[in-house]
Each structure stands twice: as structure tokens, then as C-alpha cells.
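Reviewing the structure listed below.
FYI, it's all coordinate maths here, none of it is from the lab. Remember, it's a predicted structure, so these values are computed and weren't measured experimentally. Glycine also receives a Cβ, built like all others from the backbone with ideal geometry; neighbour counts cover every protein chain displayed.
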Amino acid sequence: MSTIQINNEETIAAISTPIGEGGISVIRISGPKSHNIAKKIFKKAEKGKIEYRKLHFGKIIDNTTKTTFDDVLCTFMKAPKTYTGEDIVEIHSHGGYIVPKKILELVLHNGARPALPGEFTNRAFMNGKMDLAQAEAVADIINAQTEKSLKQAENQLQGVLSDKINTLKDKILDILAEIEAQVDFPEEDIDPVVKKAVEQSCKEIKGELNNLLSSYKMGKIIKEGVYTAIIGKPNVGKSSILNSLIEKERAIVSEIPGTTRDFIEEIININGIALKIVDTAGIRTTSDEIEKVGVGLALKKAREAEFLLIVLDQSRNLEKDDLRIVNECGDKKKIFIINKSDIERKMNYDKLYDLVPKEISVETSAKNNTNISELKNKIYEILTNNFDNVESSELLLTNIRHKNSIENALKYLSSFTDILNQNESPEFLSIDLRSSLNSLGEITGEVTTEDVLGRIFSKFCIGK
Ligand SMILES: Nc1nc2c(ncn2[C@@H]2O[C@H](COP(=O)(O)OP(=O)(O)O)[C@@H](O)[C@H]2O)c(=O)[nH]1
Ligand SMILES: [Mg+2]
């Protein structure tokens, strides 16, 4: 027990809404003392008993100074039918910087302690309200940046992934039962009929696990988005392209080459993929010291990015700096944007398309917004190129932890098949089957360690 120690005797509290100006704020309290604490500081406006799951209007009383402040709505929820499975109180106060903080302080003063990041959800998991994959989905819902990533997270919270994993585990359990029935006859070979059936079933399970694995590439970019850099010489239209893509003025556009020296980051939704774009300073050989720094940083951002938008200006000839930029991108996923198609062309297209593959190029005019939707489609096509047909799939693997567990389960199943073919003792066979069950059990948290839980929940925000 190292990272997060759950002690259900303790009552925890946190402000569950973002801090700052806003209409209302919610202070959440969970644990055995939550109702008593709330009763000490909440005075119901109307007479009568507090009813569960009803919003009661009233005031907060500072029981140290006996002063009242803020009108609130307060709801009491009784265990176990609550988010955490414990007694919960939620106080809906006015928002802002002071009121919620003051109420939280009062709650803490009266016997609660501050909740750790994700501790409400951690308790929900510990109390069997949801499994680990579902708990992770709660964080994914909060972090979702596109409808598509939200859909995946919601499916996961509803248990789509957990159901799939549990079904596969049941199938492995069936195989295990068959194998263990043979343990009583260790001298004999496994019944060939049983062996054949087991092999077939194992093959099907592996097929399904492999399908899940292959959905991860798509799942990852749906969930996490894609780090992207716009690069190119100064003045080719990088900032203008970014503006066209986000359909609003955001980046600074200027006729003076070398204006974009800081970084402008935007998230653009390309058919459900969040492109996290950074606009960079133009890359060129320069003697200006400040610009040099910008160029250096642009190159660094380009190297860090997973995807590159490389802008070339077709109203100018290809120059050494263009070649340098093209060479810079190595074998990264990329698209070439041949910009300024609205004005006279100076660029030699034969030379251009010798240098860059035409199928990953789009000719645009950022000025007139020409071919911007083609550009978006091309970006989507390049990013999802070579992915299996998982686009419409209801279930994508989005979490590297799940991916690792599935890979391990597959490894054990392969070892199982090998041993089966070598006609080894059934005891060896059941070891591999049990290990594969454990690996899959890690996904739903049936098998877990305090370390793993600590790592998962520490990434949550406080109050969730
Ligand atoms: N004619 C034309 N001018 C453009 C186009 N895109 C950008 N520009 C102009 O080129 C100049 C440089 O644009 P900017 O986006 O700041 O380039 P950056 O230095 O690469 O970021 C500005 O005067 C823009 O108005 C285009 O498609 N056509
Ligand atoms: Mg710029």
C-alpha cells in the first residue's frame, strides 16, 4: 500500500467544479461523517426533516463565528446508492474564488479531509460501483476534446470494453475447465477431440484480442489527438493556413517575414481527430540572433511533433531553405501544402513533385480559403492511412495500459498453444491460461496493485 491509501473511515471533501468566476460551484463530501458535517453547517430554509436525494434550499452557517453566509442548495445521498458507494453530500453554492473555498474550509474544519486527485472515483472503484476500465473512462470523459473521443469514453464507462473482456475471460475459463478435467489423468494424452475444440476456441479468442489490439492506433489518436507542427520558410503562409483551418483569426499574420516567434497552439477537430497544432517561426538561414532562436525552436517543435504540415509557397522558386525543411521531416507522417495558388506560379512543378510525393500534397490558397476542406480530408486520410477498418467500430482500444495487458494475455495464450502441441502435462497448460486470465483481469482491475491504482488516479483532477 504505497501511493493512495483508501481509508473508508475518513470523510473526504473537495470543490468539484473549476475554480473561478462562474454561476455555481459544487462542494462534494463523501464518507461516513459527510451527513453530520453538512448538518452542522447547513441550515435548511423550510422546517422539516432532510430528505435524501432532494435539493434543499438554505444557508451555510459558519459554526465557528456563528455567522451565516451564502444561499445554497444542498443534497444528501445515502450509501450505497451513490457515486462512491458512501454517504455523500453535495453543496451547490455561488461560484467564484471565495465562497466555495470558504465552504470547503468549513467542511474540513468540521471533520473532513481534502480529497486526493481522483479519490471519489477511486472509492467508487473500491466499493464495486465500477470496474477499473470504467473508472479510467471517467477521466477520459472529462478530458475528451472531440465528440468521437467522448463517444469512446462513454462506451467504456457503460462497460462496452469490460463486457468484451469479461466475455473473452469466460471463454478462457471454459478452456481452463476442460484442461483441468484432464489433470486427474496426467499419464494420458489429452483427448484429441477436446484438444481440437480447445485449439479452435483459443484461436477465436486470439483473433478477437488481435482485433482489439489493431484498433489501438486509431483509438490512441481519437483519445489523445495528434501533436502537429506547421513548418516552412518565413512568409509562405503558415499562420494564414492555421487561421483558415481554425476558421477564425488567431495566429498573427504579417507581411514582415519572421513575425511568428512565439508559439501559437490550437486544437482543430479534423473529422473527430484533435489536431494539436503549433504554429512555428519560419525556418530559414538567418543572421538575426532573435530570429535564430525562433528557427531553432521551430526545428525542435518539428522534431517533437508526430505529424507535420509543411507549407511551400508556389509563387516563389524552390530554394535551399525549402529543401532543408523537406529533409528535416524524415519519415514522419506529413502533408505538403502548396500555398498561394491564387497568384502567379513561379515554382517549377516537375522539380517540386520530384521532391515531394504528389499524393500527400494539396494546393491551397489560404487567402481565398481554396481547398481548405480538401486539406482537412487529406490530413484525415493520411493520419488514418493503413489502419484497419475500425473507423466505425463501437469499441476502440484507447489506453496503453489495456493494450499492454492484451499483449501479455496473447503471449500466454500462444505459449499455451505451444505447450498443447508438445503434449505437455495439463498442469503446465493451466498455468498459462491462468496468467492470461490475470492479464485480462488487470484491465477491469480484478487483478491490480496499489501502484497501478496510484498511477491511474493521480492523473485525475481533484474533486472527481
Ligand atoms: N496571395 C496570397 N497571399 C497569402 C496566402 N497565404 C498567406 N498570404 C500572405 O503571405 C504573407 C505571409 O503570411 P503568413 O501567414 O504570416 O506567413 P508565415 O510567415 O508563413 O506564417 C501575408 O501577407 C499573407 O497575407 C495565399 O494563399 N495567397
Ligand atoms: Mg507566421
Along the charge dipole of the chain, pointing to its positive end and built from +1/-1 on Cβ of Lys, Arg, Asp and Glu, which listed residue (Leu308, Thr370, Asn348) has its Cα farthest out? Thr370
Output the pairs from Lys148/Lys334; Lys164/Lys206; Lys171/Lys220; Lys54/Lys81; Lys301/Lys358; Lys334/Lys403 with a Cα-Cα distance over 19 Å in this structure; if there are none, say none. Lys148/Lys334; Lys171/Lys220; Lys301/Lys358; Lys334/Lys403
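Looking only at the chain, where both bridge partners belong to it, what percent of the DSSP beta bridges are antiparallel (to the nearest 5)? Intermediate results must be reported in sequence, preceding the final value.
Working: 36 of 59 bridges.
Among the beta bridges of the chain, antiparallel pairing accounts for roughly 60 percent.
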Treating only Lys and Arg (+1) and Asp and Glu (-1) as charged, each at its beta carbon, one finds that region 290-366 has a dipole about its Cα centre, in Debye to the nearest 20, of 220 debye
Testing the spin-label approximation: label points 7 Å from Cα along Cα→Cβ at Glu306 and Arg455. State their distance in nm. 1.9 nm
Among region 193-221, those whose backbone N falls under 17 Å of a label point 7 Å along Cα→Cβ from Glu407 are 209-221
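Would you work out the charge dipole size for region 232-384 about its Cα centre, treating the Cβ of every Lys and Arg as +1 and the Cβ of every Asp and Glu as -1, and quote it to the nearest 20 debye? Write out the running numbers ahead of the final one.
On the way: 25 positive and 26 negative charges, 29 e Å.
That gives a dipole near 140 debye.
Work out the length of the dipole vector of the chain about its Cα centre, built from +1 on the beta-carbon of each Lys and Arg and -1 on the beta-carbon of each Asp and Glu, and round it to the nearest 20 debye.
Computed charge dipole of the chain: roughly 2300 debye.
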Sequence-separation-based contact order of region 12-131, relative, with Cα cut under 8 Å and 6+ spacing, percent: 32 percent
Amide H to amide H, which residues 5 or more places from Ile24 or on other chains are under 5 Å from it, using H placed in the peptide plane? Gly95
